[in-house]
Structures are given as structure tokens and as C-alpha cells.
Amino acid sequence: MSSLDPSFLIKAPTHPVGVYKVSKNQVFKDHRRFGFSNIVLVLTILFLFTPLIVVITYSFNSSKGMMWTGFSLKWYAALLFDSEELWRAFLNSFIIAISSSAVATVLASLAAVGIKWYSFKGRQFIQTLSFLPMVLPEVIIGISMLIFFTAIKLPLGMFSIFIAHTTFNLPFVFLLVSARLDEFDFTILEAARDLGASERQTLMKVIVPSIMPGVMSGLLMSITMSLEDFVITFFVSGPGSTTLPLYVYSMIRYGVSPVINALSFVLILSIILLAFALRRFLKVIAASS
Amino acid sequence: MKGYDVQIENVSRAYGSFKALDDVSIDIKKGEFFSLLGPSGCGKTTLLRIIAGFDSPDTGILLFDGKEILSQPPEKRHVNTVFQSYALFPHLTVYENVAFPLRLKKIDKNLIDSKVREYLHLVQLDSHIHKKPGKLSGGQKQRVAIARALINEPSVLLLDEPLSALDAKLRQNLLVELDHLHDQIGITFIYVTHDQSEALSVSDRIAVMNQGKVLQVGTPYEIYESPATDFVARFIGETNLFEATVVNCDPYEDYFMTTLDIPALNSLVKVTDYDNLEKGQRVSFTVRPEKLKITGERPNKVGKDINLFHGIVEEPIYSGFQSKYYVLLENSTVIKVIQQHANYMDEGPEIDWKDSVFVSWSAEDGYIVEVVDS
């Protein structure tokens, strides 16, 4: 074997190196040539981010009005030390996000595996039905849940919000895990058996780890959606179960407090950090598949 | 000699009304590089899956070293498979993929490490051990699959079209490596392929299959030079195949000089054969294109046992080391001729499109394939 020359493996990288390297001049030239598309790009970015920049700027304003009166961190101090209700709302949101997305992820993953791997009557119907909450307007889901909870006399509160969030998270996780299963190569199950794995070992060491990326991205997505949901939560919340989006909305009704500006900046920062973490995570997944 | 004798006896397997395997019997010897060759749907993969234990036959028996094995599940058969789609675990690194079978056995970690490195070295993947399969090229993936299948030290290695997803050049390289591996390890290799050139170049013996049946088992030489049926003649390499009737059969020292009447050539053709055929018997006649000689001029001496035809070059196909000509004979039958290109001194004048040519072959080079009816 050693007499063979393995160099054909080394000399031919799968991705040609250097093809995507473009000199700065070239990029600049392209800018000039596609003037119109770049104008649109700049306008779009301005349109998207100007409101955020305004909010962030005013969070450092020393007075309450729209006039810039000087730099100050007092709204951040107020946010940290004088906003007990806000933090309670945040805690509610957090509890619901974690619990509902965990439950939704487990249920939807099992559903996806079941629908993909077993054939039974009404399989197609269930699959189609499970996407319904994704396309229905949130108001309709909110109202129908409210009517349903009232009808079965379920008191509105944390538990009803938990159920509502679990419901609207299900189809997203289902979709992501199904997509992962579509790529699943069934011969790896035979390979596992061939190499000596029992059925249980095949499940734990092959199936679960290889659909894990789909499950994890489903989980992260449901956490995000649960944290930011307003419409459905608005209908099914009760006394003492105010979530962060609901609380912010109620604050605005009594005039815009700069504390909200401060909160916005904190949220934007944490979301950017989360997004970076997510990107890294997705890159790791991409590398594995 | 390591490895198992694999005996397949009267194995049949049907899927509904489709007979995937129809009374198949093959004896594979210890340490042999044995190929199952046939077009897709011929049953070769079904047979491989039965040997691996992923499928079981409706009737028939399977013996490893004389012991019945059908009752054993895949994991107890000392057989490992290299899959066509590689079937690597996408979530594991190259190292962990190869270590997978050993980890299941709960072997000492240091032992696992040394064995994994040994087998990755065997397939020349030392520098890629921490990559995930997604980062590897097709050829590298297949090497991982081979190392993973070998690390359990199976007695039989099954290879299910392992090279079909790779490009031609890489395929040749890996094929040579597989052959080296086989020489090194010495276990029984059963190789499934639809590519006749792959099978011819590495196998000790080949079974040609079609429609669930084994048509011929033999060495590559036997299968190429003396195909048992029309199908084998056509499937292995290129050939000119004609229906013929026996006109005469003259006995010589240890062969028969047979004269055939071939309607398609509108002529009598002489063939040497080892069977005494009856007059009037219908047979198939084949002659390989590379055994035909093509000349612009009529050959000076035409011996008794030379078959000579005149025709016009209808389609010359130049491919570097050889040229293929489709020659339209006088009675509008087309015959294929392949001419190897030698050096300048040996080459005759160039043969071109629409040239008038003479095609000839010796009686020794023709072959009577099978008796069509008796």
C-alpha cells in the first residue's frame, strides 16, 4: 500500500482556494458600477435602523423629552434598580419561553419522527394540519384560544400562556426536524447494525445525535418566538401573568418612559449576542452535515 | 488463509411477483476477490444484503465455512459492508466513525486509539482524522467507510458498488488500492458492481447475473474469452454477435473446425471450437472488435482459416490509444472493429470516413457462444 502515491488526495482540495478573494479595488469598482442597487441598499438599511439608533440615542439622554439635554445613564440605573414590575414581567416571559419551547420541541420532534418513519392512516392529513397554526393570523389563534379556555373554565394566567405558546411553537419545530429527517440517510441505520450496534444503541448513538441539529435550532427558534409574542399572549394572559412584551405595551400607554429606551438597547445587545452565538452554532452544524 | 468460504445454495428471493433471485448457487472460496456483476435490478445487491443479513431468502441456504448462517443477525456474522452511499455517521468525526464498532464493544481506550490509527493509516487518512464526513471528498469518504468496515476484522468484506459515485480517475486509483488491501488482509471480498471493467480488472472470479439468475461464474479471462450466453458476451466488453447455423463440423487433433452460415453476413464463417456440433444446429457466434483486422488494401495471402469481408467505414471514432470503426459490410450489416494504435513504423495508412476497407479475422478468434435450441 505504501508504494501507492496518495498525493492525488492532497493536491486536489475540494474547494478551490483563493477563488473568492477579490481585491479592494475590484469591490470598489463594483460599487460604482451598480450605483442604483447600492442606493437602495443604503436606503433600506437607514429605513431599518434609524428608529433603533434614535431609541438608543435617547436612552442616554438626561431628560425625559425629545430634546437632547446631555449624556446620562440614569435610565439604565432606573431600569436596574427601580423597575421591579418590569423584571417580574421579564421573569414570566423567561419561564414561559423555556418551558413552552422545551415541551414543544419534545412533542414536535417525536411527531416528526413518527410521521416520517411510520406509515399510518391520516398521516398526510396530520402533517398538513400541523402547519395550520403557522399560516393562521395570530389574532384568530388568540381569540379562539381565549374562547376555548373560557369554555373549559381554565383560569387565564401563566398556564394558559404556556399552552398557547407551546401550540404555536409546535409547527416550527416540526418543520425544522422534518427537514433534517428528509436528509437522513437510512443506510446509516443499516451501517450501524452491520458494525455491531443493537437497536437501542442505533437509536441513542446514531439517530438521536444526527437529528439533534434540527431539534436544537427548533428549540432556539421557539424560545425567540415565545419571548417576543404579543398578540396571542395578549388574549390568553390573566392577572399576575404579564409578560415582557405586554408590560412594555402597557408602559407606553402611560407615556413613553426613557426606561423603555434603555430596555430596548439592552434587548438589542442581547439579541445581537444571541444571534452571533446562533450563527456559530449553525456553522458547527453545517460542518457536521 | 483467512476469511470464510461462502456457499450460496439454491437461494431464491421474490418481492411480490418480482423474482429478485431465482435459484442462485455460488461457491466463493476463502480469501477470494469475488465480484457479482450485472445490470441494475439483476439481483446482485439483494444477494449481498442476504449475505450481510439485512434480507433473508424465501428458500435456499447460506453457509460460512460450512456452517449455516441465515439464523444469525447481521451483527453476529463476522461480515462487514462498505455501502454505495458510504453511510458515514454525519455527526461523528472520521476518527469516531472508525472507532464506532470498537466503542460498542467497550474495549480499552488505548487499544481503540491504536487500532483506529492503524486502520486510518492503512487507508491513508492520517491527516484527516478530526474532520467531519461533510468536509471530505467522495474518495476520502469511501476510504473512511472501508476503514470502518475493516476495523472489526471481519471474515468477509462486502462492497456494494463502492466506487460508483466517484469520477473515473479516482475510481481507478481506489480500485488498485482495494486490490492491494485485499492482498494485504487476505479475507474474502465480495464486490458488487455493474461496471464490467472494474470487475474484470480486480476480481479473482466473477459471477455474471441477470434477472435474478447467475449466467456464468468464472475468471475474468474465461468470462471475456468464452462467454456462456449472448447476454454475457454483450455485457462484458464490446462484441459483434450474430445468429448462425452449423453447416459443417470437421474434427482436427483436439478441436473442431466449424463452418457456420451467418445470414447477417450473407456468408460462411469458420470457427474453431471444442464441441462437436450437429449440422443444422442454431448457435450464436461472437467475435470481439479488437480481434478484427482492418486494412485498406486486400491482404495478399488469405489463409484457409481467415474470414475476410469487404466494407465501407461508416463511422471512425478516434480515442487516442485506439480507434473504433463501424464498418458497413456489403450486405448492409454493420460490424465493429477496434484498432490499437502502435508506433509510427507499425501503423498502416490512415483509415478515414467512407474509405473502402477489408475486415478479417482468424477462425481462432471467433467463438460460438451458446446453442440457441437443440
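What to note about this one:
- Across peptide A:198-208, the mean count of Cβ atoms from other chains lying within 10 Å of each residue's own Cβ comes to 2.
- The protection proxy used here, the mean number of other Cβ atoms lying within 10 Å of each residue, ranks peptides B:44-50, B:360-366, A:166-172, A:144-150 as follows, highest first: B:44-50, A:166-172, B:360-366, A:144-150.
- Simple label model, 7 Å out from Cα along Cβ direction - A:Ile272 to A:Ser119, nm: 5.3
- Cα-based equivalent ellipsoid, region B:213-334: semi-axes from gyration tensor eigenvalues, Å: 24, 21, 14
- Farthest toward positive dipole pole in region B:240-373 [+1 Lys/Arg, -1 Asp/Glu at C-beta], among B:Val247, B:Thr333, B:Thr272: B:Thr333
- An oblate overall shape is assigned to chain A, the ratio a/c of its alpha-carbon gyration tensor axes (a ≥ b ≥ c) being 1.5 or greater and a/b not exceeding b/c.
- Pairwise label distance in nanometres, A:Leu41 with B:Gln184, each label 7 Å out on the Cα-Cβ vector: 5.1
- Other protein chain C-beta atoms within 10 Å of residue C-beta, averaged over B:88-96: 5.
- Theoretical FRET efficiency, 1/(1+(r/R0)^6), r = Cβ-Cβ of B:Glu314 and B:Lys67, R0 60 Å, to 0.05: 0.55
- Sorting B:Cys249, B:Cys42 by the number of Cβ atoms found within 10 Å of their own Cβ, with the fewest placed first, yields B:Cys249, B:Cys42.
- Listed from fewest to most Cβ neighbours within 10 Å, the set B:Thr81, B:Thr193, A:Thr57, A:Thr202 follows the order A:Thr57, A:Thr202, B:Thr193, B:Thr81.
- Separation of the A:Ile53 and A:Trp87 label points, Cα + 7 Å toward Cβ, nm: 3.4
- Theoretical FRET efficiency, 1/(1+(r/R0)^6), r = Cβ-Cβ of B:Lys291 and B:Lys109, R0 51 Å, to 0.05: 0.25
- Here's the list of lysines a cross-link from B:Lys132 could span, going by alpha-carbon distance under 18 Å and ignoring same-chain residues fewer than 8 apart: A:Lys205, A:Lys283, B:Lys141.
- Low-density loop cleavage sites - trypsin sites (Lys or Arg not before Pro) in region B:76-163, where at most 12 other Cβ are within 10 Å (DSSP): B:Lys105, B:Lys106
- Rounded to the nearest 20 debye, the dipole size of region B:240-373 about its Cα centre is 260 debye, using +1 on the Cβ of Lys and Arg and -1 on the Cβ of Asp and Glu.
- Among B:Asn266, B:Asn110, B:Asn210, residue whose mean-square fluctuation peaks in a GNM of chain B (springs only between Cα atoms under 10 Å): B:Asn110
- With the helix formula -39500 (n - 2.57) applied to DSSP H stretches of n ≥ 4, the protein assembly as shown reaches a computed 222 nm mean residue ellipticity of -14000 deg cm²/dmol.
- For A:Phe265, B:Phe100, order by how many other beta-carbon atoms lie within 10 Å, fewest first: A:Phe265, B:Phe100
- Region A:39-75-region B:250-283 distance, computed between alpha-carbon centres (Å): 100
- Dipole moment magnitude, nearest 20 debye, the protein assembly as shown about Cα centre, only Lys, Arg, Asp, Glu C-beta charged: 4360
- Qualifying lysines (Cα of each under 18 Å from Cα of B:Lys19; at least 8 residues distant if same chain): B:Lys44, B:Lys213
- Calculated FRET efficiency, A:Leu203 to A:Ser63, Cβ-Cβ distance, R0 = 51 Å: about 0.25 to the nearest 0.05.
- Of the chymotrypsin sites (Phe, Trp or Tyr not before Pro) in region B:214-314, those whose Cβ has at most 13 other Cβ within 10 Å and which sit in DSSP loop: B:Tyr252, B:Tyr274
- All-pairs alpha carbon distance profile, chain B, 20 Å steps from 0, percent: 25, 45, 26, 4
- Straight-distance crosslink candidates among lysines, where the alpha carbon sits under 24 Å from A:Lys64 and sequence neighbours closer than 8 are dropped: A:Lys74
Read-outs throughout are calculated quantities, based only on the coordinates presented, and are distinct from any laboratory measurement. If you're wondering where the values come from, they're calculated on a predicted model, not measured in any experiment. Neighbour counts run over all protein chains shown; Cβ positions are idealised from the backbone, glycine included.
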